[in-house]
Amino acid sequence: MGYVDAHTHLWFPETLDKEALERVCQIANPELKALKLEKVIQQMDALDIDFVVIMAYPSRRLWGTKEDFPLKVLKHCSASPSRFAVFGGVEPSALSLKETKEALERQYQAGVSGFKIHPPHTWVKPNAYREEEGSLKQLEAIYEFAQDHSLPVTIHTGTSAFPQARNKFGDPIFVDDVAVDFPRLKILIAHMGRPNWVSTAFQLVRIRANIYAELSGIPPKKLLEYVPRVEEISSKALYGSDYGSPGVKGIEQIKDFLSLPIDEHAKREIACLTPKRLIKTLDRG
Ligand SMILES: [Zn+2]
């Protein structure tokens with residue numbers, strides 16, 4: 001059984017319009033311009049990666065992408081449905097409640113594997129649906145839909161260096177409300193609140209049954225510095241490269257993770273067993 005990379009930004013040029021592609025290449029990673037599906041699959045084969053998860057959430061502010069972006073990514077990857085999972089999303093402050101529900105249904109029908117919430121890029125707290133946080137019903141609709149359809153939700157935590165990002169929204173403590181209000185929802189805390197909120201994220205993973213640690217965005221070589229007790233939570237942790245983000249060299253980064261001096265079974269849980277338990281590929285396999 002091969003590995004899983006649970007967090008990438010493998011945004012193929014065919015899935016972005018010209019302007020969005022320019023922006024992504026300029027701000028995030030210029031290599032994306034030359035990205036080819038067949039090449040990625042060859043690389044996955046060489047690394048023994050069974051499937052990768054592509055984060056395809058819309059961000060009007062950063063890239064100018066909207067709710068049809070995940071549909072384009074799904075279509076592009078549908079040629080190899082067992083090798084990809086696509087997390088879609090809705091920008092909750094940009095659509096009406098009715099539009100939000102329609103977009104979720106469209107993405108679900110197209111085969112989406114989960115949803116991604118990016119608080120610093122969309123300027124919305126993960127718990128903004130609550131009355132004391134502004135009653136954003138569109139956000140509640142996303143969590144309800146995901147819970148009802150057994151789809152996991154990845155929530156970005158920690159800082160983002162892009163100029164349009166607002167980092168106050170990156171505190172993982174706001175995810176606690178989501179875990180309590182949606183007890184059947186599987187919540188993946190991306191980046192473990194790095195660099196400055198790792199202890200909050202770690203504690204939430206320990207005390208909330210439905211919160212999982214998604215380790216992308218922390219360079220594997222620094223993982224034990226950031227999360228020294230990672231073996232304690234290995235049955236609830238997932239490996240991800242965050243490839244496509246600035247500074248990540250590629251999906252081959254998994255080799256750095258596999259060479260860490262931690263228990264071999266813990267590694268297997270993090271890079272294979274836990275992600276396979278939580279995330280289905282496009283063929284829903
Ligand atoms: Zn990311």
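The values are calculated or read from the model by the stated rules, or taken from the named source; none is laboratory data. Small disclaimer: the values here were computed from a predicted structure and weren't measured. All Cβ positions, even for glycine, are placed from backbone atoms using ideal geometry, and neighbour counts span all protein chains on display.
Some values worked out for this structure:
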{"item": "Any pair with Cβ under 6 angstrom, 6 or more apart, that starts in region 245-261 at a residue that is part of a helix (DSSP H, G or I) and ends at one that is within 16 Å of the ligand (Cβ to nearest atom)", "result": "Ile251/Asp5; Ile251/Ser241; Ile251/Tyr243; Gln253/Ser241; Asp256/Pro220; Phe257/Pro220; Phe257/Tyr239"}
{"item": "Any hit, region 26-45, residues being closer than 28 Å to Cys272 by Cα, modelled with pLDDT of 90 or more, within 16 Å of the ligand (Cβ to nearest atom) and surrounded by 23 or more Cβ atoms within 10 Å (Cβ to Cβ)", "result": "no"}
{"item": "Close pairs from region 6-24: first among the charged types (D, E, K, R), partner in a helix (DSSP H, G or I) and more than 16 Å from the ligand (Cβ to nearest atom), Cβ under 6 Å, at least 6 apart", "result": "Glu14/His76"}
{"item": "Close pairs (9 angstrom Cβ cut-off, 6 or more residues apart or separate chains): touching a residue at least 40 places away in the same chain (Cβ under 8 Å) and of a type in the set (Val, Ile, Thr) in region 273-284, assigned to a loop (DSSP other than H, G, I, E, B) and surrounded by fewer than 19 Cβ atoms within 10 Å (Cβ to Cβ) anywhere", "result": "Thr281/Pro81; Thr281/Ser82"}
{"item": "Candidate set: region 205-227, residues that are β-branched (Val, Ile, Thr) and closer than 20 Å to Met55 by Cα; chosen: the one nearest to the ligand (Cβ to nearest atom)", "result": "Ile218"}
{"item": "Pick from region 183-204, criterion assigned to a loop (DSSP other than H, G, I, E, B) and crowded, with 19+ Cβ neighbours inside 10 Å, ranking: nearest to the ligand (Cβ to nearest atom)", "result": "Arg194"}
{"item": "Hey, Leu223 in contact (Cβ under 8 Å) with a residue 40 or more places away in the chain, closer than 30 Å to Ile27 by Cα, among the aliphatic types (A, V, I, L, M) and not in a loop (DSSP other than H, G, I, E, B) or not", "result": "no"}
{"item": "Residue list for region 92-112, restricted to those being surrounded by 24 or more Cβ atoms within 10 Å (Cβ to Cβ) and under 18 Å from the mean Cα position of the chain (by Cα)", "result": "Leu104, Gln107, Val112"}
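So that you can scan it fast, the table gives a plain yes or no per residue for (1) within 30 Å of Asp45 (Cβ to Cβ); (2) modelled with pLDDT of 95 or more:
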residue	(1), (2)
Ser80	yes, yes
Arg83	yes, yes
Gly88	yes, yes
Ser96	no, yes
Lys101	no, yes
Leu104	no, yes
Val112	yes, yes
Phe115	yes, yes
His121	no, no
